[in-house]
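Please read the structure below before turning to the comments.
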Amino acid sequence: MKKLVFASVMALASLSLVYAPTLRAQDLSIKDPAEYNAYQMATTQSDPKAKAAALEQFLVTYPQSVAKKVVLDALVDTYQGLNDGDHALSAASRLLQVDPENMKAVYISAVIKKAQCGKTQDAQTCDDGAALARKGLATAKPASTSVDDWKKLTAATYPVYHSVIALDDAISKKDFKAAEDEYTQELMLYTDTQTQNVALADELQLATAYSLPGAGQDLVKAVWFFARVWDFAPPAYKTQIEPKLEYYYNKYHGKLEGLDAVKSAASATTFPPNGTIITPAPTPAERIHQMLTDPTIVLSKLALSDKETILALGSKEDAEKIWAVMKDQQTPVPGVVLAAPVSGLKIAITQAAKTADFVVALKSPMACADIPMATATADDKKQFILTNGVKDDTDKIEALSPDYKRPITKLAIEGTVSVIKVAVTGDAKEAKTPDFIVNLKEPAPCKEVPAVGDEFKLQPGIELDGTYDTYRQIPATATLAQSAEIVVRDGFIQAEAKKKPAAPVHHTAPAHRSASH
């Protein structure tokens with residue numbers, strides 16, 4: 001999206017109140033004739049580039065000149081005229097070294113640092129601009145400046161200082177609540193008419209800050225300022241602003257009805273009035289309750305995703321109502337496998353043509369891929385079992401004892417899965433958070449369980465089934481929406497149905513013709 005850019009002409013013009021006119025050499029009591037002539041030559045150049053070069057050379061030749069402050073002041077003006085921000089900042093910084101309270105140097109440095117902050121997003125640059133802005137806000141009125149001139153100067157520059165600090169809060173500190181406070185102070189220093197033009201870009205920044213998640217989020221104010229920016233933005237920008245305005249209005253209000261009235265109200269005043277100007281949409285819990293009161297709704301016929309939504313977002317009463325219908329009922333669990341840890345091993349040990357089967361629990365879960373391949377040696381498999389198996393189980397297998405003498409002809413290991421965690425809803429899949437935990441009735445071998453990232457489907461695809469057991473609501477966090485976790489018991493896997501071979505096609509044999517005689 002393009003950036004709205006409005007130059008604060010008033011603020012720049014107001015600095016003429018503290019501009020010192022370029023003084024003549026005799027007014028500065030320059031004693032040295034060569035320095036006198038160099039000053040005269042530099043300050044009277046008509047070409048801006050030539051003037052900047054001559055002023056810079058004067059400072060190199062006469063670094064301790066009594067005219068240094070005046071020359072630096074003239075350099076700031078010259079570089080500003082050339083639209084050379086980097087050199088203007090350099091000149092202003094040098095001016096502040098000899099005149100730390102110079103209002104013009106503070107202001108121009110802060111404004112240029114703000115532009116650089118917005119362009120580079122560099123935290124230190126943003127912080128430097130904010131420090132200069134705070135210095136400008138704290139600078140006392142010079143004795144030589146009249147009260148009326150000071151009021152005009154601060155009325156033009158103080159809003160800009162708050163804008164610089166706000167941008168630093170947003171970019172460097174990621175403190176959008178502080179940014180909102182600074183942008184608000186800025187707008188309060190402008191008239192309603194000024195906020196329709198010179199402050200419009202920052203009103204857009206304020207709207208954006210109010211729209212972001214966190215302590216400072218206020219969707220009513222976000223909508224208000226998006227609407228106000230839309231009201232006064234040039235036509236080319238309205239099509240870029242309107243989608244945000246409609247999105248946040250609809251998110252808060254639940255529909256677009258009434259948005260035109262908000263646009264109209266926002267055009268009349270900078271800040272929203274006290275009281276409710278936009279009614280909030282019903283909460284998910286309220287919408288769910290309204291749905292459940294509909295006599296035509298049959299709870300048992302609701303889709304699995306709808307049932308889960310009620311469990312996740314409904315009130316406790318409504319969640320319990322749908323759970324009473326679901327509990328102890330069998331259900332398929334179609335979704336993405338997020339975890340299927342191996343919790344046990346099936347072991348087959350063959351000795352002298354006799355095979356004995358054993359079950360060993362693992363000390364800690366692991367992935368199916370961590371189980372030794374069939375091609376691994378018997379000794380490697382034996383060591384794996386002893387290292388990872390629960391000692392009470394491995395001690396029962398005599399053939400694993402180091403003192404056991406009979407040779408093992410074959411040792412087979414198969415990992416088994418007892419719990420499968422699945423993401424069923426779109427939100428769960430996006431967040432990669434399981435919303436179903438399926439406890440299998442019998443441990444399933446790894447070869448029957450889809451890999452993490454694969455999906456259970458409905459028959460004739462591979463299907464996971466189980467019986468609803470328990471559920472719990474999981475409150476929202478800073479990064480995850482409120483959800484439900486459903487536990488299913490007695491789970492089992494139905495393998496993908498094999499396609500029946502196509503029936504053979506029978507062709508009728510041609511009638512036998514008798515040989516001609």
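The values are calculated or read from the model by the stated rules, or taken from the named source; none is laboratory data. Since the structure is predicted, the reported quantities are computational estimates derived from the model, not experimental observations. Virtual Cβ from ideal backbone geometry, glycine too; neighbours counted across all protein chains shown.
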Completion exercise
Note on segment 269-297: residues of a type in the set (A, V, I, L, M, F, W, C) and free of Cβ contacts under 8 Å to residues at least 40 places away in the same chain are ALA281, ALA285, ILE288, MET291, LEU292, ILE297
Exercise for the section: Return a yes/no flag: does segment 317-324 have any residue that is over 19 Å from ILE437 (Cα atoms), surrounded by 15 or more Cβ atoms within 10 Å (Cβ to Cβ) and over 34 Å from the mean Cα position of the chain (by Cα). Expected result: yes
Exercise for the section: Filter the strands (runs of 3 or more DSSP E) completely within segment 296-359 down to those with at least 2 residues that are assigned by TED's automatic domain parsing to the domain that holds GLY415, of a type in the set (Ser, Thr, Tyr) and closer than 30 Å to ASN388 by Cβ. Expected result: 342-351
Exercise for the section: Return a yes/no flag: does segment 284-292 have any residue that is under 30 Å from ILE420 (Cα atoms), acidic (Asp, Glu) and not in a loop (DSSP other than H, G, I, E, B). Expected result: no
Problem - So THR350, is it modelled with pLDDT under 95, under 36 Å from the mean Cα position of the chain (by Cα) and β-branched (Val, Ile, Thr) - result: no
Practice task
Please tell me if PRO159 is more than 22 Å from the chain's Cα centre (by Cα) and in a helix (DSSP H, G or I).
Solution key: yes
Fill in the blank from the handout: Counting only residues that are free of Cβ contacts under 8 Å to residues at least 60 places away in the same chain, under 21 Å from ASP318 (Cα atoms) and not hydrophobic (A, V, I, L, M, F, W, C), segment 463-483 contains a total of 3
Practice task
Please verify whether segment 377-384 includes one or more residues that are exposed (fewer than 14 other Cβ atoms within 10 Å of the Cβ), over 39 Å from the mean Cα position of the chain (by Cα) and among the hydroxyl-bearing types (Ser, Thr, Tyr).
Solution key: yes
Handout entry: Condition met for ASP328 (modelled with pLDDT of 95 or more and out of contact with any helix residue (DSSP H, G or I) (no Cβ under 7 Å at 6 or more places or on another chain))
Key = yes
Completion exercise
Log entry, pairs with first residue in segment 175-200 being under 10 Å from PRO159 (Cβ atoms), second being among the basic types (Lys, Arg) and modelled with pLDDT of 95 or more, beta carbons closer than 9 Å, six or more apart or on different chains, reads THR195/ARG228
Completion exercise
Restricted to segment 54-106 and to residues being of a type in the set (Val, Ile, Thr) and in contact (Cβ under 8 Å) with a residue 12 or more places away in the chain, the residue farthest from LYS141 (Cα to Cα) is THR61
Handout entry: Only listed residue being in contact with a helix residue (DSSP H, G or I) (Cβ under 7 Å, 6 or more places away or on another chain) and either free of Cβ contacts under 8 Å to residues at least 40 places away in the same chain or of a type in the set (S, T, N, Q) (or both), chosen from THR394, THR387
Key = THR394
Exercise for the section: Determine whether TYR252 is part of a helix (DSSP H, G or I), modelled with pLDDT of 90 or more, surrounded by 14 or more Cβ atoms within 10 Å (Cβ to Cβ) and out of contact with any Asp or Glu (no Cβ under 9 Å at 6 or more places or on another chain). Expected result: yes
Problem - Cβ-Cβ under 9 Å pairs, at least 6 apart or on other chains, segment 107-136 side outside any helix (DSSP H, G or I), far side hydrophobic (A, V, I, L, M, F, W, C) - result: GLN121/ILE171; ASP122/ILE171
Practice task
Please work out if ASP403 is more than 38 Å from the chain's Cα centre (by Cα) and of a type in the set (D, E, K, R).
Solution key: yes
Completion exercise
Residue hits (segment 459-483; hydrophobic (A, V, I, L, M, F, W, C) and modelled with pLDDT of 95 or more) are ILE462, LEU464
